[in-house]
Amino acid sequence: MGYVRPVNASDAPGRIVLLTTSHRVAPGVLSWPAWRALRGADRVLCADADHPQLPYLREAGVEVEQAAPTARELVEYCTGGDLEAAGGAGGGRTVVVITSGEGDRELTDGLARLAGSGRTRMPELELLPGSYDLPGARLLDLVQVMDTIRTECPWSGTQTHEGLAKYGIEEAYELVEAIEAGDRDELREELGDVLLQVVFHARIAQEDPEEPFSIDDVAGTIVEKLIHRHPHVFGEESAETSEDVKAHWLRTKAAEKRRESVTDGIPLGQPALALAAKLASRVRTAGLDVPRPDSAAGGQLGEQLLALAILAERQGTDPEAALRAAARAYRDAIRLAERPD
């Protein structure tokens, strides 16, 4: 239920505040409006005796009652319909209800029915977020779910880095396919599948008896790397073009990993066209004068393909993507040829 304000809100007999909090934010870290509502309330109620906020609220001097009143009981208390409960004050009371993480559907539905009936004198109703998720907070859910699956699923609990390696390759290719197809729904799903592989491998790595590491270590490593390799963003250096950035990136990588050749670190097991384009990119970025293969008619087929890959890279074309596009068109032509006349 969103924010609901009666027609004459200033004359509303009392106030019911449904206070929501995020389990992805440390307990006790609440917004100022939330603290103001809690400290100014006549009663603060929470049905969950184990709610993570309770110890921090009590430490801050906020008295919280464990209670699960019905919608009508809350309305009567705030409006003075139940004068004994309201201390004979005739209404005008404020109650803050700290909701559970899943929300209190029965209570909110009950309040909505009373407000919509037109027969009940209603207090002011407000849904007040006490804490908000930061960007990326749902990643915490993924880590938690992965931990549960690893512990309780018979299949996931026995997987290894080696056994999952093929899935990482498959998911990466499916991601590329979604990008090239321009399918936004597929793109979102495939990004999730790739992210799952990262979290899965990190969870397995936690169990290594000799060199364990966690998803936090993985994230920390890449954060440090990104900051170190972007001095034009986080430091005092400057980069005018993307080529400047790429050149600095390669120099930094070479210094970090003590590489002796620009070809160091290029995985030779990747698809051949991608490998050729990667080598050509390193040569061009390093400004090396390397003789190109002879692609003239009669030359070796491999040399001709290599020359085409180098040419594509120089023209800013991904030869792998270009060949896949041509292959898809060829597939469509095959399917057309297979149709009966």
Practice task
Within region 129-152, identify whether any single residue is more than 26 Å from the chain's Cα centre (by Cα) and outside the structural domain of residue 270 (by TED's automatic domain parsing), and answer yes or no.
Solution key: no
Exercise for the section: Answer yes if at least one residue in region 249-258 is touching a Leu at 6+ places or on another chain (Cβ under 7 Å) and not assigned by TED's automatic domain parsing to the domain that holds residue 222, and no otherwise. Expected result: no
Exercise for the section: State whether one or more residues within region 118-138 are crowded, with 16+ Cβ neighbours inside 10 Å and part of a helix (DSSP H, G or I). Expected result: no
Practice task
Could you figure out which of (1) surrounded by 20 or more Cβ atoms within 10 Å (Cβ to Cβ); (2) at pLDDT below 95 isn't true of residue 40?
Solution key: (1)
Exercise for the section: Out of 259, 203, report the one residue that is within 27 Å of the chain's Cα centre (by Cα) and either modelled with pLDDT of 95 or more or farther than 30 Å from residue 327 by Cβ (or both). Expected result: 203
Fill in the blank from the handout: Restricting attention to region 143-179, the residues that are farther than 30 Å from residue 322 by Cβ, without any contact (Cβ under 8 Å) to a residue 12 or more places away in the chain and among the small types (Gly, Ala, Ser) number exactly 2
Exercise for the section: Considering each of 45, 57, 30 in turn, give the residue that is in contact with a strand residue (DSSP E or B) (Cβ under 6 Å, 6 or more places away or on another chain) and in the same structural domain as residue 113 (by TED's automatic domain parsing). Expected result: 45
Exercise for the section: Look at region 58-74 and say how many of its residues are surrounded by 15 or more Cβ atoms within 10 Å (Cβ to Cβ) and either in contact (Cβ under 8 Å) with a residue 40 or more places away in the chain or of a type in the set (Lys, Arg) (or both). Expected result: 3
Exercise for the section: Scan region 61-71 and give yes if some residue there is farther than 24 Å from residue 118 by Cβ and at pLDDT below 90, otherwise no. Expected result: no
Exercise for the section: Would you tally the residues in region 91-117 being more than 21 Å from residue 35 (Cα to Cα) and surrounded by 13 or more Cβ atoms within 10 Å (Cβ to Cβ)? Expected result: 8
Exercise for the section: Could you tell me whether any residue of region 323-338 is modelled with pLDDT under 85, of a type in the set (Gly, Ala, Ser) and more than 22 Å from residue 179 (Cα to Cα)? Expected result: no
Exercise for the section: Would you tally the residues in region 83-114 being outside any loop (DSSP other than H, G, I, E, B) and either touching a His at 6+ places or on another chain (Cβ under 6 Å) or at pLDDT 90 or above (or both)? Expected result: 14
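The values are calculated or read from the model by the stated rules, or taken from the named source; none is laboratory data. Please read all numbers here as calculations on a predicted model, not as lab measurements. Glycine also receives a Cβ, built like all others from the backbone with ideal geometry; neighbour counts cover every protein chain displayed.
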